[in-house]
Structures are given as structure tokens and as C-alpha cells.
Amino acid sequence: MTERAARNIIFADHSLYFEDLEEGHVYRSSSRTLSEADLTMFSMFSGDWNQVHSDAEYMAEQGSGRLLHGVLGIAVVTGLMDRAGWFASSAIAMTGIDEWKFLRPLFIGDTVTMEMEILGKRLVSAGDKGYLDRQFTLYNQHGETAQQGRCGFLIKRLRKTEANAQDR
């Protein structure tokens, strides 16, 4: 047995599970600065090269800088949530996006932070997982709400029950 094989490796799971979350809990992410590369890569991926995203001269005539895509904000929210590690091992699936509002534009150079509030929770009918109703708010560097919406979510339970013992 080599020295490497003899080591005990510990995998720490800091994920939040159904039992860890309560209605009214609010979680805040770290911040992230939006870049030219973010805008370009999202334009390439989506195929959306509208002049509000791609034409600096046109936007200067409008008295503005180029805008990042609204739906890029949703992607940034999911990235900030992943970076926080809240659901690294407990996520099952996002079930939908509801009532999403684009309240302020996002610009290159904006630094955004996200908050997630638990609006409600319930066990699903089998009892082996839970459902969360979550509200996300994306703030710019001035503390202004840029985007806000709700996302349903299926999440693993922490405790082993007869219904889910064989699944863990």
C-alpha cells in the first residue's frame, strides 16, 4: 500500500438540505463584476447581437453604454448561487422561473450581488425530497435592484428516511 493510498480523504459537504432551510431565511452571495467578455460570450452563445448589446456608437447616441442581455442576469444569479455552494450536493432540479422582472439595466463594469430568500417549503408526495419556493434579487453595486424573480426548486433531504434510505 502506497503512502497515498493509506491517507484518509475527507469530503466535506457544506450544502444546504431541505431541513436546513426555513421560510424567511435570506442568503447573500459574493459579488461579481460583469465584463466585456461576459457580454461577448453571451452574445455568441445566444446569437443575440442586437445593437443595444453590440454597437457602442449607437448606445452613446442614446446616452448610454452597451447593455448586457437581461437573461444573462438570470445566468449570473445561478452562477453566484453555485459559487456559494449552497446546493452543491443537495440540488435535484430547478422547476421553473416565475415573475422574473428586469428592473434596471446591467452594464459592463457593474458589480452584482445576489440574495436568495426562502418563501416557502414543503415535502413532495413521496417524502424523499423537498420543494422550495425561492425569490432571487440581483443588486448592482449601488444596492439597486436590477432583477428579481422566483424559482421553484427540488432539493434532497438530509435525513435518511425509509423512503429515501436506498437513494443515498
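The values are calculated or read from the model by the stated rules, or taken from the named source; none is laboratory data. For clarity, every value in this text was computed on a predicted model and none was experimentally measured. Backbone-built Cβ (ideal geometry, glycine too); neighbour counts: all protein chains shown. Calculation scope for accessible area: heavy atoms of the full protein, side chains included, ligands and nucleic acids excluded. Shrake-Rupley method; radii C 1.70, N 1.55, O 1.52, S 1.80 Å.
Values computed for the structure shown
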item	result
Tabulated pairs, segment 145-168, first over 21 Å from Lys121 (Cα atoms), second in a loop (DSSP other than H, G, I, E, B) and modelled with pLDDT of 95 or more, C-beta under 7 angstrom, 6+ apart or interchain	Thr145/Leu103; Thr145/Arg104; Ala146/Leu103; Ala146/Arg104; Ala146/Leu106; Ala146/Asn140; Gln147/Leu103
From the options Glu144, Glu117, Glu99, residue that is out of contact with any strand residue (DSSP E or B) (no Cβ under 7 Å at 6 or more places or on another chain), modelled with pLDDT of 95 or more and open to solvent by 60 Å² or more (accessible area, probe 1.4 Å)	Glu144
Failed criterion for Met59 (all others in (1) open to solvent by less than 40 Å² (accessible area, probe 1.4 Å); (2) within 14 Å of Phe102 (Cβ to Cβ) hold)	(2)
Selection from segment 44-75 of residues that are touching a helix residue (DSSP H, G or I) at 6+ places or on another chain (Cβ under 8 Å), closer than 17 Å to Gly109 by Cβ and touching a residue at least 12 places away in the same chain (Cβ under 8 Å)	Val52, His53, Ser54, Gly65, Arg66, Leu67, Leu68, His69, Leu72
Selection count, segment 11-45, where residues are part of a loop (DSSP other than H, G, I, E, B) and closer than 16 Å to Gly79 by Cβ	2
Helices (runs of 4 or more DSSP H) within segment 46-165 that include 1 or more residues more than 20 Å from His14 (Cβ to Cβ) and in contact with a Ser or Thr (Cβ under 7 Å, 6 or more places away or on another chain)	51-54
